[in-house]
Structures are given as structure tokens and as C-alpha cells.
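What follows draws every value from the coordinates through simple rules; no lab data is involved. All of these numbers come straight from a predicted model, not from anything done at the bench. Don't worry about glycine lacking a Cβ; one is built from the backbone with ideal geometry, like all the others, and counts go over all protein chains shown.
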Amino acid sequence: MLINNFLLLGAVLFCIGVYGVIARKNAVMVLMSIELILNSVNINLLAFSMLHGNADGNTFALYIIAVAAAEVGVGLAMVLLIYRNRKSIALDELSEMKG
Amino acid sequence: MLAHVNDSAGWFLEHAWLIPVVPVIGFVVIILFGKRMPMKGSEVGIASMVGALVLSIGTAYQWIQRVDAAHGGHDEGSAIARGIAGFGRSLSAAASGEESTYVAPVIKSWTWWQSGGLEFGLGQHIDGLAVMMLILVAFISVLVQIFSLEYVRGDRRYTHFFAALTLFSGGMLTMVLAENMVQLILGWELMGLCSFMLIGHWWEDKANSRAALKAFFTVRVGDVGLLVGTAIVFFGANAFAVDNFGSNGFSIQAINAWAMSGEASHDVLLWGSVALFIACIGKSGQFPLHTWLPDAMAGPTPVSSLLHSSTMVVAGVFLVARVYPVFWEGLSIPGSSVNFIVLIGGITTLIAAFLAFVQNDIKKVLAYSTVSQLGLMMMGLGAGAWIAAVFHIFTHAFFKCCLFLCAGSVAHSGSHHSFDMKKDMGGLRKAMPVTFACWMIATAALTGFPFLAGFWSKDEIIATVGKNGYDVFFYLGFVSAFLTAAYMTRATYLTFFGTPRGAAAGEHHGDEHGEEHEQADDEAHVDALVHAGAHATAGHDAHDAHGHALAHDAHGHDAHDAHDAHDAHGHDDHHGAHHGPHESGKLLLVPICILAFLSIVAGFLQAPAFGESFEKLKLWVEPTTAPIATDDLLVGGFGQSVAVAPRAAAEGEKVCGYVAPSPGQACIFPAVTHPPFSWAKAGVATIIVFAAYAISFALCSLVYGTRRNKLQGLTGRNKLLGAGHRFLVNKYYLDDLYEKVVVRAVAYPISQAAYWINQRVLDGTVDAVGKGGRRTGEWIYRYVDQGAIDGLAVNGSGKAASGTGGALRPLQSGKVNQYGALLFGAAALGALVLVIVNI
């Protein structure tokens, strides 16, 4: 079935994204992984939207794209600031949130 | 049968909603233009309060006319006599077919906002209770503002002070004539906000802003109950209100009718009343949330006076009185011998009275006295003494306001801005004769001296409580009367009798009462410093201005220069030792004298000993206890006044509160009992009060007198007494419990712990569970076990709270990846659960 392929693609993308978030040290890579996760969700939404012949999923996907853009903007700004302060964006060195 | 049709309610009754509008407009004007005005905005404040007072008096006048008209409107004597009979002295009286007359409240409502087809109204509900409170609040506010003119003169936030004071009164007035619960909450919260601003008026001092925050947050804890209670009652009453009245479940009239209708589920009423009463516990300073009230003394004295007499703290009592049927039915007030309200009220009145004995700050004595009196009111309401409790609100406002203003006058002119009775007062009766006389009258009224205001209201509460079968609380009322008389005698002695000390002596004495001073714990000391500090910033300007205003003052102000030299002695709280005590100016004395006069006469509004013509308050304030046809109660729609024909009850009609009204009829008020006045009980109370005067005066002159004797420093030598004293000085350790245990536990570790326990559970590792188990075991062993054995429950729990936080802290690594892993792990687990559930 066509839908299965879409869902499988979404699942694979999601797993890659999760792996990236957990395993990568580079903050930019983590942000990119988060994008992957969001896009895997988009694919799922579109797939189901197509399956049900309903435009709601498409709308949601558009929203998610907008939100993802904003989120990446904020994230990159933070990464930039961190780099400016520490000359490094390695996440494992950033444990000030400890407490 | 219709006795009398009264179609037009009269202009003042129809426009009573203007009363809170006037102060609110006044507030806006003061805030916007106050600073540019010749009197810095205070004139607007006073003018708006006078306006509100005039409107209130008009309203009261027309309300009384309305009541009299409803009772037949011929010669006064017979009208009152019939009214008394008709208001249903007891079950039997009404059942025997005497006449009951319904005086319709003037209800108006406009839509404020709509949401989901639900209309939230703003309006007025003018009945006897509202009228009494309106006139009381407006009157006290006027006097307090006049007093403030002089008292805070030269303050750096003079304009803001008057603005907040005006809005504060506006909030109370809004609440008092609220037509529905939403409006009541609006007024309630307005007051909460203004009390925060006023208590923290001198916020530069950290202790003051802390007191303001404490007041705000403590009351807020109770306010949760108000929201929950309103919601419960709304959902209970809404269908009934829509069906019968075309209003909704927020309408107070509809709520009352619903509660008495017999259709309401008892559980709903029970939980609704408990939730609403929790709000009253917070607002009216009942145990265990009374701790904010004495701290609220950090505000300027006029604020304390307004806050503690007619506004803010009586809001809780008013709420109970307002939706009394909910409590009546929900807590089964008739026929039980103990319930939630009466218990809390009883505890409060007793513990607060004990606390008043160990205070050195004159305002704190009065604060605890207020708490105690509020407890008495609540006790009365809980035991069915509705009219007595409402009457006590009325009389208490006069004498307590008078006492606070006297304390302000003493601090202003007698002890140079110190409120410490032991250090800076004593022997002031000669220097301040007018203040002394007024203080004595108000004290006598508060303690229940025969024929003064407090005598009538307090005795009526106690008598009714006894008659309704609340025996324990009947005796407790006497104990409370004894304690009240005793601690007020102590305060009077320390302030006005004995030898002048500190600032009151005009110079600095040696430490004559060494033992007593050693007893003063840190906190009392800090309090003294708070006042000293606050006045050091704001008070000095005021005092200089005051010095010019009172050029005729006998003692003169020639020693300003000596001030610094005195401070060099290192006695910070004695900073004012350069002024001799003297009488205050007219602006301070006039309000005090008016209040003292009212403390004498206010009681005769409801003095059943002198016959029925002295029971006016009951006639004017108490709603009818007979069922009324629902059509007569109908709210006529938004923005319209309802003119309901006052209607005589039919013969043998059933009495509300005991039997459900028949279909087509509704009750708005239960048939509360009114015990006949008994000279014997009043005599016993009087003897108790006089005994307390005598014992307390004798003890005070021994303990605080100049002659050395065994009683001095007894608490320092005797371990048991010392422990008791310390227990009281530390206010039963309730503050420690709240701040060190509850707040810390909630604010820091629990939130952390909750977060991290989540993470650990999600981690799902056996290891973590094992460790957690071991830690819990250790924790129980170390803190609960040993703590309990040590008997240091308070300290132990405090440590335990921070211990828990410390133990869990290492788990928070700060590594983003780890957080991410936990997040996705949680999501995966959640998904797994969903999948399993769906299969």
C-alpha cells in the first residue's frame, strides 16, 4: 500500500532524528535532527491527510513548517550566543543547567 | 394577600450602584491628577468617600422607609412591634400564624460580559445587610481618610496612599452590594490588591514588602476556595436559577433560594460551603491562616484601622452572612452541636486572644484582638446567630477603628512613632487625655462593658450560640470575653498607666525592666526596628510638618538637634527620645472622638433588654424567614429594578430553613433563632469581664510596675511558664511551619523532586528504584524516626524538605542530550502504553 511507504519513511526519519538528538555533540547537528523529527511528523500528517481525503493534515503541516522555522531561528541564535561565549558548541560541555 | 404595593423604590435605592462607582472614579482622578492638586489628591479621596457616604445614607434612609412601609406604615411603635413578631422569633412563633413581611431587595443587573451564552452581570443587591455594610464602610472610610490627612502628611507617596485607600473602600463597597458572585469576587480581589499596596506602602523596608507579600499570598491561598466554591455553587444552582428566576447560578438571590429549596443536593452544598468558608478563613484571618493579619501592621496605622474594622477582614464574615442559606443547609447548622465554621471560629477566637498577651507592639495586640473578634463572629454565624454576628460586625467596626486610631495618635504624638508598649509608652494618660478617654471608651466597648456597643453584640452572639445547642462554644464565648478584657487591660496599662518609658518619658531611661527586655525575642525586636525604620524614612517629614501645625503645643519641639546625639547611644528603636509626649492635633482627635461616641451608642440599635423598640437592626437587616412566591422573587431582567410587593405571610406558613418551601414558593433566608435577652447571662458576662479587668490590672501593676517583686521575670525563671511564653511569642510556630516547611517544601524540592521522580520512573531502571528505596528508608530513619523521637518535628521537617531536594539534586545532570533521551523515552513509553491499551 502506498500509505505504508509514507509511514515507513516517516518512522525512519523520526528514528534518525532521535538518534541525532541523543548522540550528536554538535548543537547545530542536534537542531538539524530536530528538524528531521518535525519533518517526519509532517510526512505522517500528509500521508493520513491523503488517506482520508481531508485537507486538515495539509494545514497542520503548513503550521508545523512555520513553527519549525521559528524554532530553528531561536535555536540558532542561542547556539551563536553560546559559541560567542565559549568558543565551542559541544553540548556535553554545557552542563550549567545542572542543579 | 398583598399588604402594601410599593412600586417605586426611591431614587437612592434605585441608584445604589453609584456608591462604589464614586470612589473608583475618585481613584482614577487621584492617580491621574492628584499630584498637581493643592492637597495632593487627598481632597478628591475624601470628597469621593463623602459622596459615597451621602449616597449610602440616602439609601439607608429609603431602605428604612421601605421596611416601615412594608410593615404597614402607620405609627412607628406598632409597625415595629408587628415587624418583630413577624420576623419569626422562632419556629413556634411563626408557626402559630403570626405575620411575616417580605421586603423585597432592590436588585438590578447589567451584563458585564458574556461567554458561552452565560451572562456575567454587574449590579446591585440592596437589602438590609448591604445597606448596613454600605453605610459602615463609607462612614469609616471618611473618618480614616480625615485621620490620614494629618497622619501621613509629608509622606513621599502621599498621593498614592490616598488613591489606594479610596480604591480599597471602592472594592469593599463593590463587594457589599454585589448582585452576583462574580461581582463579589471582583470586589474581593480589588481589596486584596489594595491591601497589598497599602500594607507595603513603605516598601523600601524589606520587612514591609515581605509583610505585604505574606498578606497577599496567604489570602490567595484562601481565594482558591472562593473560586472553587463559586464554581461548585454555580453548577449546583444554575439549572434552578434559570428555571425559576431567569438569572443564572451566580445570582446571590438565586443561590440563596436554591440552597433553601430542598432540591439542592446536600453534598454539593456541603462542598460548596466548605470551599467558600476556606476563602473566608484566608480573608478574615481565621485559624490557621490568621498569620498574615498581625504582619499587616507593617502598613501605616490608618490602613490597619480601615483594614481591621470595616473592610477586608470582615469581607469573609460578610460572605458567610451573604450566602448564609448555603452554609445553613450545607453544614446543617440547625440541630448540630459542632460544625466546620463554629469550630474554626472558636479556635480562632481563643488562640488569637492568647497571642495578644505576649505582644509588645500595641498594634499587634489590636490585630490579634481583631482576629479573636472575627473568630467570635464566625462562631456566631456557624451557630446560627446571624443577626448577632452581623451586629457585631457593625459595633466592632466602630470601637476597633477607634482603638487603632488611638494607637496611631499615641505613636504620632506620644511615643514618637514607636509602637512598642514596653519601651516607649506608659503613663501617657496625663499627656494625652483625649486619646486616653477615647481609648478607654473603645476598650470598654470592645471588652463588653455594660451598655456599651460590644456588650450588646457580644452577649447576643454568646446567648444565641448557647440557645442553639452549641454548649461548648457557649462557654468558650465567656472564656474569650474574659481573655479580651484581660489583654486589653494589659495593653491599656502598658500604654497609659505606670511610669513613662522611653519616648513617652521624653528622654531615655535606664533599663529598668531588664528581665522583661530579655524576654523580647528577636522577632519582636525586628518588628520594632521595622516601625522605627519605616518612620525614619517617611515619618520624619511628617513630624516636622506636624510640629508647625501644632505651634500651640505645650511641650514644644526645641530639641530637634538632640536627635542625632540620642541615636548615637545605639538604641535604634529609641530614636525619638527627644520629644515629650503631647496631645494630638484636631485632625487626629475628631475622628477618634466620633468613633468613641459611636462605640457608646451603636449598641442601642439592637439592645433587646430595653424592649422591642430597641431591636431596630433586626427589623431593618434580617430578611424574611417565610416562603415567598417565586414570582415575587423573579429578577425582572437586566438593567431593571424589581419592585416586588411586600407581602404578608399566610397563616401557618412553614418556616424556611427547617422545611422545604412548597412548589411555586422560595425561601431566601432561614429562620434563625433569637433568644430572649437574659439579665442573668449578661450579668455573668459582666462579672467575668470585671474580674478580668481586676486580675489583669493587678498582675500588670505587679509585673510591669516599678516595685521589684517575684512576678517580674517569672517566665525567665520558671521553665514551664517560659516554654509557654516562648510558644506564644513564636505564634504557635505556625509561621515557621508555613515558611520553613510548607513554602520551602512546595517551592523548591517538591517541584524538583516531582520532575525528577518522573524521569526516574521513565528511566525504568531497577537500580534507580533500589536507590530510591534506600534513600527513602534512610530518610524515614533519619528524619521521621529520629525526628519524632527527638520531638523536633518542626526542625526535622524543615531539614527533611531540604534533604529530599539535596538527595535528588545529583540526578539533574545538565546534559541536554540526556534530557532529550529521557523525553523521547517517555514519549516512546507513552506510545507503547497507547498501543497496548488499544489492542
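Structure notes:
- Two-site label geometry, A:L51 and B:A47: point separation in nm, points 7 Å out along Cα→Cβ: 7.3 nm
- Under-5 Å amide H pairs with B:Q665, H placed in peptide plane, nonlocal only: B:T630
- FRET efficiency for the pair B:V54 and B:S337, taken as 1/(1 + (r/R0)^6) with r the Cβ-Cβ distance and R0 = 35 Å, rounds to 0.15.
- Other protein chain Cβ atoms within 10 Å, averaged over every residue that makes up B:822-828: 2
- Förster radius 41 Å - calculated FRET efficiency between A:I64 and B:L193 (Cβ-Cβ, nearest 0.05): 0.50
- Overall, the range B:365-467 carries a charge dipole of about 180 debye about its Cα centre when +1 sits on the Cβ of Lys and Arg and -1 on the Cβ of Asp and Glu, all other atoms neutral.
- Summary of the geometry: the range A:70-99 and the range A:4-46, compared by the centres of their Cα atoms, lie 21 Å apart.
- 10 Å Cβ neighbours from other chains, averaged over peptide A:86-94: 2
- Cross-link pairs B:K458/B:K616; B:K363/B:K400; B:K363/B:K458; B:K771/B:K815; B:K35/B:K586 - those with Cα-Cα distance over 19 Å: B:K363/B:K458; B:K771/B:K815; B:K35/B:K586
- Ordering of A:84-92, B:15-23 by burial proxy (mean other Cβ atoms within 10 Å per residue, highest first): B:15-23, A:84-92
- Listing B:E119, A:E96, B:E179 from fewest to most neighbouring C-beta atoms within 10 Å gives A:E96, B:E119, B:E179.
- Database remark: amide H of B:I107 closer than 5 angstrom to the amide H of B:I126, B:V642 (H placed geometrically; neighbours at sequence offset of 5 or more, or on other chains; Pro and chain starts carry no H).
- Applying 0.36 nm per residue to the separation of B:S701 and B:E204 and subtracting their alpha-carbon distance, the gain on full extension is 175.0 nm.
- Charge dipole (the range A:2-91, unit charges on Cβ, about Cα centre) - positive-most of A:N4, A:N26, A:Y63: A:N26
- The charge dipole of the range A:2-91, taken about its Cα centre with unit charges on the Cβ atoms of Lys, Arg (+1), Asp and Glu (-1) only, comes to about 560 debye.
- The modelled label-to-label distance for the pair A:I3/A:M29, using points 7 Å beyond Cα in the direction of Cβ, is 3.7 nm.
- In terms of other Cβ atoms within 10 Å, B:V479, A:V21 run from fewest to most in the order B:V479, A:V21.
- Taken over the alpha carbons of the range A:2-91 as equal point scatterers, the Debye sum produces base-10 log I(q)/I(0) values at 0.15, 0.16, 0.26 Å⁻¹ of -0.63, -0.69, -1.19.
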